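Every read-out reported here was derived from the displayed coordinates using simple, explicitly stated rules and does not represent laboratory data. All figures in this text were calculated on a predicted structure; none of them were measured in a lab. No Cβ is skipped: glycine too gets one built from the backbone with ideal geometry, and neighbour counts run over all protein chains shown.
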Amino acid sequence: MCLNSCNKVISKNLISIGTNKEALLSGREVYIKALEKGASSIALVHNHPTGSLEASPDDIATTQKIAEIGQYLNLPLLDHLIIGKNDFFSMKMAGLLNLDRKEVSKYTKKS
């Protein structure tokens, strides 16, 4: 979602349609849309087909990459929401937004 300077949604953009296990998300595509729309900030939203609200290691890593790009463009990522059946999970509220590299690695290590 692209937001204006008052954090109001100015556009909703479909960037990727995933499979039942993953979706590819390019920071380039996210920010091209945001820049085209004149956004002041963005928020990411996706669902998990299982209905689970748990952020996967890939969700966390991708969020950090998008947030880092936004810092360079002065177009911040305000939140990344995962939508479940009747609820949602906010990466910002969970403290998973704007982590440093060391913190990201502890969430994304493969067992």
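Helix content alone sets the calculated 222 nm mean residue ellipticity of the chain: runs of n ≥ 4 DSSP H residues at -39500 (n - 2.57) each, divided across all residues, give -10000 deg cm²/dmol. Derived scalar couplings between HN and Hα for the stretch 29-40 equal 5, 4, 7, 4, 4, 4, 5, 4, 7, x, 5, 9 Hz in order, rounded to whole Hz, by the Karplus curve 6.51 cos²θ - 1.76 cosθ + 1.60 (θ = phi - 60°), x for Gly and Pro.
Restriction of the trypsin sites (Lys or Arg not before Pro) in the stretch 1-66 to DSSP coil positions whose beta-carbon has at most 15 other beta-carbons within 10 angstrom yields Lys8, Lys12, Lys21. In percent, rounded to a whole number, the relative contact order of the stretch 2-108 is 26, using alpha-carbon pairs under 8 Å and six or more apart.
When +1 charges are put on Lys and Arg Cβ atoms and -1 charges on Asp and Glu Cβ atoms, the dipole computed for the chain relative to its Cα centre reaches about 80 debye. For the stretch 18-91, GluC sites (Glu not before Pro) are listed when DSSP marks them as loop and at most 15 other Cβ atoms sit within 10 Å of their Cβ; the list is Glu22, Glu54. If the segment from Tyr72 to Leu14 were pulled out straight at 0.36 nm per residue, it would be longer than the present Cα-Cα gap by 18.6 nm. For the Cα atoms of the chain, what angle does the longest principal axis make with the long axis of helix 57-73, in degrees from 0 to 90, nearest 10? Here the helix axis deviates by roughly 20 degrees.
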